[in-house]
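**Q** First, the structure itself, so that you have it in front of you.
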Amino acid sequence: MKFDNLINLELTQKSGQTSQPPWIEMHGKYCDLIYLNEVPILIKAYQDDITSLNINYELPLDIGNLKDSVDQKNTEKNIKNEINRIFDLNFDLNRFYDYLSEDSKLETTVDFSRGLRLFLAKNPFEAIVSSIASANNSIVRWTKSIANIRKKWGNPVKFSSGIFYEFPYPELLQFVHENDLEEFDSLNGSIDMEFCIKNLKSCGVGYRAPYIKKTSEILSNDINLLEIFNMDYEEAFETVLTFPGVGPKVADCILLYGYGFKEAFPTDIWIKRIISYLYFDNKDISVSKIREFGIEHFGEYAGYVQLYLFHYARKSGLMNKLK
């Protein structure tokens, strides 16, 4: 199936501004597992140019009892809806570019970022755990951690193209071992410590392991993560802030990339420096004030402006000036 929308797929996957790892590259396509009506489907996305997006898909090799759930017409309709959502294809980029062109400080960002879209999480829980794991962490390390969590506790699904893993549910992740010592004790010392590798810290999440466990517990018992979609931005922000290890920046990442709240404006030291340089004569403005400015000044485009500014600063050389 084909989507006639402006999108730079590679840039959208690899901008580093996401709450999920990039999809796996296989034979020129970006591939990952999604679930639609409890049916696992392997999506394979690729493009010939940035004016359109092509999607192929595979069903599991052992579809078994799920056969009755698969109706090709409805399946393809559901896939189209989900692809539109994940890659935010209904967002009018050209209208956004008109908005950017009205601000001399923003108009040059388009030259570096044309076709860049929000890359929305296929699974909000994965977005939450990814965002917690990404705090004070490199992109390479946290994406590897998420892949490890999938492989250790996620359900494997076999396709013609290989085995792909779903992300585990909070109901499962709340009970996994936090570190090797906890795992060792649970086994009564029956194996050597060096073989205790099925715990969160062994995945590379470091000090964030207890945050991930506690958040999983909260989402299993106290908060329905799907209800956040129905909240207004302020309520959603305050709700997500209650998760351990989640401060304002991580909360806004979860809401923007996990739930599609475009008024969110994730603000870290780099966004603070960029906005201070562009709008406040390089004065030392606090991160919280910069966040407030971004939300109020950019409004419905705040999330996209943050996405474009960060990429522009990296690629234009501006980032080097701000160090």
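**Q** For segment 280-292, in order, what is each residue's ³J(HN,Hα) by Karplus, 6.51 cos²θ - 1.76 cosθ + 1.60 with θ = phi - 60°, in whole Hz (x at glycine and Pro)?
**A** Calculated HN-Hα couplings, in order: 10, 6, 6, 6, 7, 9, 5, 4, 5, 5, 5, 4, 4 Hz.
**Q** Counting only heavy atoms of the protein chains, get the accessible area per residue of segment 250-323 (1.4 Å probe) and round it to a whole Å² value.
**A** 41 Å²
**Q** Still on this structure: So how strong a dipole does segment 192-236 carry about its Cα centre when Lys and Arg Cβ are +1 and Asp and Glu Cβ are -1, to the nearest 20 debye?
**A** 360 debye
**Q** Treat each spin label as a single point 7 Å out from the Cα along the C-beta direction, and report the Glu182 to Tyr233 distance in nm.
**A** 3.6 nm
**Q** For Ile269 paired with Ser52, estimate the spin-label separation in nm (one decimal), with each label point 7 Å from Cα along the Cα-to-Cβ line.
**A** 4.6 nm
**Q** Computing the accessible area with a 1.4 Å probe over protein heavy atoms, can you report the carbon and sulfur percentage for segment 1-130?
**A** On the way: 2530 of 6140 Å².
C and S fraction of accessible area: 41 percent.
**Q** Which of Lys213/Lys262; Lys122/Lys214; Lys80/Lys262; Lys214/Lys249; Lys44/Lys272 have a Cα-Cα distance over 25 Å?
**A** Going by Cα-Cα distance, Lys213/Lys262; Lys44/Lys272 fall outside the 25 Å limit.
**Q** Can you give me the long-range amide H partners of His177? Hydrogens built in the peptide plane at 1.01 Å from N, cutoff under 5 Å, separation of 5 or more residues or another chain.
**A** For His177, whose amide H was placed from the backbone, the distant partners under 5 Å are Leu200.
**Q** Moving on to the next point. Could you give the Stokes-Einstein D for the chain in µm² per second, using the C-alpha Kirkwood radius, 10 °C, 1.306 mPa s?
**A** 76 µm²/s
**Q** While we're here: Nothing charged except the Cβ atoms of Lys and Arg (+1) and of Asp and Glu (-1): what's the magnitude of the dipole of segment 76-221 about its Cα centre? Round to the nearest 20 debye.
**A** That gives a dipole near 320 debye.
**Q** Suppose R0 equals 35 Å. What FRET efficiency, 1/(1 + (r/R0)^6) with r the Cβ-Cβ distance, do Lys144 and Glu102 give to the nearest 0.05?
**A** Approximately 0.30, to the nearest 0.05.
**Q** Further question: Size of the dipole of segment 51-160 about the Cα centre, Lys and Arg at +1 and Asp and Glu at -1 on the beta carbon, nothing else charged, in debye to 20? Walk me through the numbers before you get to the answer.
**A** On the way: 16 positive and 14 negative charges, 129 e Å.
Approximately 620 debye in magnitude.
**Q** Once neighbouring chains are kept in place and the probe is 1.4 Å, which whole percent of the accessible area of segment 197-305 is contributed by carbon and sulfur?
**A** Carbon and sulfur: 51 percent of the exposed surface of segment 197-305.
**Q** Next question, about the same structure. Of the chain, which part is the longest with no chymotrypsin sites (Phe, Trp or Tyr not before Pro) in a loop (DSSP not H, G, I, E, B) and with at most 14 other C-beta atoms within 10 angstrom?
**A** 1-174
**Q** Go ahead and estimate [θ] at 222 nm for the chain from helices alone: -39,500 (n - 2.57) per DSSP H run with n ≥ 4, summed, over the residue count, rounded to 500.
**A** Rounded to the nearest 500, it is -12500 deg cm²/dmol.
**Q** Take the Cβ-Cβ distance between Asp281 and Asn94 as r, set R0 to 41 Å, and report the resulting FRET efficiency rounded to the nearest 0.05.
**A** Working: r = 32 Å, r/R0 = 0.78.
Working from the Cβ atoms, E equals 0.80.
**Q** Below 8 Å, C-alpha to C-alpha, sequence gap of six or more: please give me the relative contact order for segment 29-143 in percent.
**A** In percent, rounded to a whole number, it is 16.
**Q** Using each residue's phi in segment 137-145, evaluate 6.51 cos²θ - 1.76 cosθ + 1.60 at θ = phi - 60° and report the 3J(HN,Hα) Karplus result to the nearest Hz, with x for Gly and Pro.
**A** 9, 7, 4, 4, 6, 6, 5, 5, 4
**Q** So, one more: Just to confirm a number: summing +1 for Lys and Arg and -1 for Asp and Glu over residues other than Leu6 whose beta-carbon lies under 11 angstrom from that of Leu6, what do you get?
**A** -1
**Q** With a 1.4 Å probe and all protein chains left in place, how much accessible area per residue does segment 1-104 have, in Å²?
**A** Heavy-atom accessible area per residue stands at 53 Å².
**Q** Towards the positive end of the charge dipole of the chain, with charges on Cβ (+1 Lys, Arg; -1 Asp, Glu), say which of Ile7, Gly317, Tyr259 has the farthest Cα.
**A** Gly317
**Q** Ok, one more. What are the ³J(HN,Hα) values, in whole Hz, obtained from phi via the Karplus relation 6.51 cos²θ - 1.76 cosθ + 1.60 with θ = phi - 60°, for each residue of segment 238-252 in sequence order, with x given for Gly and Pro?
**A** Calculated HN-Hα couplings, in order: 5, 5, 5, 5, 6, 6, x, x, 10, x, x, 5, 5, 4, 5 Hz.
The values are calculated or read from the model by the stated rules, or taken from the named source; none is laboratory data. Note that the coordinates shown come from a computational prediction; the quantities given were computed from them, not determined experimentally. So basically every Cβ, Gly included, is an ideal-geometry build from the backbone, and we count neighbours across all protein chains shown. Heads up: the accessible areas ignore ligands, DNA and RNA and are worked out on the full protein's heavy atoms, side chains in. Shrake-Rupley method; radii C 1.70, N 1.55, O 1.52, S 1.80 Å.
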